[in-house]
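Heads up: the structure comes next, in structure tokens.
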Amino acid sequence: MKGIIMIIDGMADRPLKEIGYRTPLESANTPNMDRMSKLGISGIMDPIKPGIRAGSDTSHISILGYDPYQVYTGRGPFEAAGVGLNVISGDIAFRCNFSTSNEEGIIIDRRAGRIREKTDEIVSTLNTIKLEGFEDVEIIFKESTGHRAVLILRGEGLSDQVSDSDPKYNGKVPKKVIALDGSPEAIKTAHILNKIVKISYEMLKNHPVNLERIENGKNPANIILPRGAGAVPDVKSFDDKYGIKSACIAETGLIKGIAKLAGIDVIEVDGATGGLDTNLENITNSIIQHAQMDYDFILINIDGADEAGHDGDLQGKLNFLEKVDQMVGEIMKISNTYFILTADHTTPISVMDHTGDPVPIVMSGPEIRVDEVSKFNENAASKGGLCRIRGSDIMNILMDLMNRSEKFGA
Ligand code: ZN
Ligand code: ZN
């Protein structure tokens with residue numbers, strides 16, 4: 001038996017006046033999800049704990065059976081792993097922006113004209129930074145999408161207890177990075193970061209990529225602003241933890257990074273944008289293809305519904321849920337599989353951010369204790385046989401259904 005967990009990011013919602021006090025899931029036409037409810041067992045799920053507003057990262061960590069309060073040190077490590085850096089336990093990782101500074105040192109554009117091209121060339125230059133007195137610390141940059149990048153500091157005596165240099169608003173100077181806990185490690189790390197920010201401007205102000213941008217009337221990416229420090233956690237590999245071979249098909253670097261740090265194979269799919277325009281057909285084909293390979297478990301994350309939620313785009317969310325429903329219909333055809341459909345958190349159209357409401361969950365597969373629920377939505381699912389569970393219960397339930405778990409006691 002195989003297991004598939006499909007997470008439709010931010011799918012759950014709250015009742016909305018515009019659609020007759022129903023939720024988007026209650027309002028959208030989702031015959032396949034409803035059929036799955038009829039054939040399966042439903043419930044509601046608190047990704048972390050009741051009322052806790054989960055991020056996508058902390059929720060996925062919890063659903064995979066790790067304790068987010070232990071593993072999660074910030075977004076940096078997961079973003080770094082997600083862009084393909086080989087992070088190791090103890091590395092200090094940061095998210096960075098390529099930004100534009102003027103000659104007075106004021107940040108005039110935090111996103112460097114939303115730069116898209118040739119950030120790899122800028123990164124090559126940044127990767128030559130050597131800091132006098134800190135030769136033992138490796139400085140590794142890697143570009144991400146658009147104006148984003150990641151930075152890793154690797155070496156002895158470093159700490160993630162440092163503040164951000166990103167001032168968050170244009171028209172300000174970069175913030176001086178300070179040690180948050182006063183430890184020698186944090187003082188050293190803050191010192192290194194302040195030097196990197198300063199040196200990045202010296203190295204980049206006349207960089208060929210930037211001279212070309214200036215010539216074309218675009219803001220140059222002439223300074224790098226790190227934020228969100230996190231120490232790379234020591235994570236037991238997912239496959240060792242459960243004794244299975246696993247893969248992940250996800251769209252965002254954040255979720256891919258979580259999978260990578262857990263040692264799960266990350267499958268890249270062409271056209272997977274993480275937006276409403278993503279290529280669900282390619283993703284579906286990839287899932288079907290990899291389910292036929294020797295993977296025991298596949299984690300799927302589809303991001304569009306969350307984006308629509310953050311944008312307050314009701315119609316976009318409704319349309320996207322209906323498209324995802326067709327995908328669910330295809331995945332239901334995979335045989336010998338326990339299939340779990342849920343969300344990682346609620347992203348209400350009315351709130352435009354994540355909330356702590358529980359999300360609906362449904363499981364189908366052989367010998368499931370089918371309940372009376374016949375619709376897939378927040379309200380109907382709450383009457384199902386799974387009742388109310390936590391994200392951290394899901395892998396236990398799945399492994400038990402797959403007859404792969406160990407007995408506790410005699
Ligand atoms: Zn999410
Ligand atoms: Zn979100």
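Each reported figure results from applying straightforward, stated rules to the coordinates on display, with no laboratory input. Here the structure is a predicted model, which is why all the values come from computation and not from measurement. As a convention, Cβ positions derive from the backbone with ideal geometry for all residues, glycine included, and neighbour counts pool all protein chains shown.
Okay, helix-only estimate at 222 nm for the chain: each DSSP H run of n ≥ 4 adds -39500 (n - 2.57), divide by all residues, round to 500 deg cm²/dmol; what do you get? Walk me through the numbers on the way to the answer.
Numbers: 15 runs with 133 residues, N = 410.
One gets -9000 deg cm²/dmol as the mean residue ellipticity at 222 nm.
For the chain, modelled as a GNM with alpha-carbon contacts under 10 angstrom, which of 377, 301, 336 fluctuates the most?
Looking only at 377, 301, 336, the biggest GNM fluctuation is shown by 336.
Pick out, in residue order, every one of the GluC sites (Glu not before Pro) in the stretch 305-410 that is DSSP loop and has at most 13 other C-beta atoms within 10 Å; say none if there are none. Numbers along the way, then the final one.
Numbers: sites: 307, 322, 330, 367, 372, 378, 406; in loops: 367, 372, 406.
The qualifying sites are 367, 372, 406.
Looking at the chain, identify the longest residue range that excludes and avoids all trypsin sites (Lys or Arg not before Pro) in DSSP loops having at most 10 other Cβ atoms within 10 Å. If you can, show how the numbers build up before the last one.
Working: sites that count: 116, 130, 333, 369, 407.
With trypsin sites (Lys or Arg not before Pro) excluded where exposed in loops, the chain gives 131-332 as its longest stretch.
Counting pairs of alpha carbon atoms under 8 Å apart in space and at least six apart in sequence, what relative contact order in percent does the chain give? Present the calculation step by step, with values, prior to reporting the outcome.
Details: 967 pairs, mean separation 136.2, N = 410.
After rounding, I find 33 percent.
Taking amide H atoms as placed 1.01 Å from N in the peptide plane, list the residues 5 or more away in sequence, or in a different chain, whose amide H sits under 5 Å from that of residue 162.
Residues meeting the amide H criterion: 180.
Quick one: of the DSSP bridges fully inside the chain, what percent are antiparallel, nearest 5?
Numbers: 35 of 58 bridges.
Roughly 60 percent of the DSSP beta bridges within the chain come out antiparallel.
For the stretch 275-283, in order, what is each residue's ³J(HN,Hα) by Karplus, 6.51 cos²θ - 1.76 cosθ + 1.60 with θ = phi - 60°, in whole Hz (x at glycine and Pro)?
With the stated coefficients, the stretch 275-283 comes to x, 5, 8, 4, 8, 5, 5, 4, 5 Hz.
For a Förster distance of 45 Å, can you work out the FRET efficiency between the beta-carbons of residue 387 and residue 135, rounded to the nearest 0.05? Numbers along the way, then the final one.
Working: r = 58 Å, r/R0 = 1.29.
Once rounded, the FRET efficiency stands at 0.20.
May I ask for the distance between the Cα centers of the stretch 389-403 and the stretch 237-309, given as a whole number of Å?
19
In terms of modelled amide H atoms, which long-range or inter-chain residues lie less than 5 Å from the amide H of residue 346?
Placed amide hydrogens put 355, 357 under 5 Å from residue 346.
Are there GluC sites (Glu not before Pro) in the stretch 44-145 that DSSP puts in a loop and that have at most 13 other Cβ atoms within 10 Å, and which ones?
Numbers: sites: 79, 103, 104, 117, 121, 132, 135, 138, 143; in loops: 103, 104, 117, 132, 135.
Qualifying residues, ordered by number: 103, 104, 117, 132, 135.
Multiply the residue separation of residue 407 and residue 215 by 0.36 nm, subtract the distance between their alpha-carbon atoms, and state the gained length in nm to one decimal.
On the way: separation 192, 0.36 × 192 = 69.12 nm, distance 6.78 nm.
My answer for the length gained is 62.3 nm.
When the Karplus curve 6.51 cos²θ - 1.76 cosθ + 1.60 is applied with θ = phi - 60°, which whole-Hz ³J(HN,Hα) does each residue of the stretch 333-350 get, with x for Gly and Pro?
Karplus-based 3J(HN,Hα) across the stretch 333-350 equals 7, 5, 8, 6, 9, 8, 10, 10, 10, 7, 10, 8, 4, 8, 10, x, 3, 6 Hz.
Just rank 131, 321, fewest to most, by other beta-carbon atoms within 10 angstrom.
On the way: 131 14, 321 23.
Sorted ascending by nearby Cβ count, the order is 131, 321.
Name the long-range amide H neighbours of residue 2: under 5 Å, sequence gap of 5 or more, or other chain; modelled H, no Pro or chain starts.
Those lying under 5 Å, H to H, from residue 2 are 337, 338.
Step through the residues of the stretch 123-138 one at a time and calculate ³J(HN,Hα) from phi using the Karplus curve (6.51 cos²θ - 1.76 cosθ + 1.60, θ = phi - 60°), rounding each to whole Hz and writing x for Gly and Pro.
5, 4, 5, 4, 6, 8, 4, 10, 9, 4, x, 10, 5, 7, 9, 7
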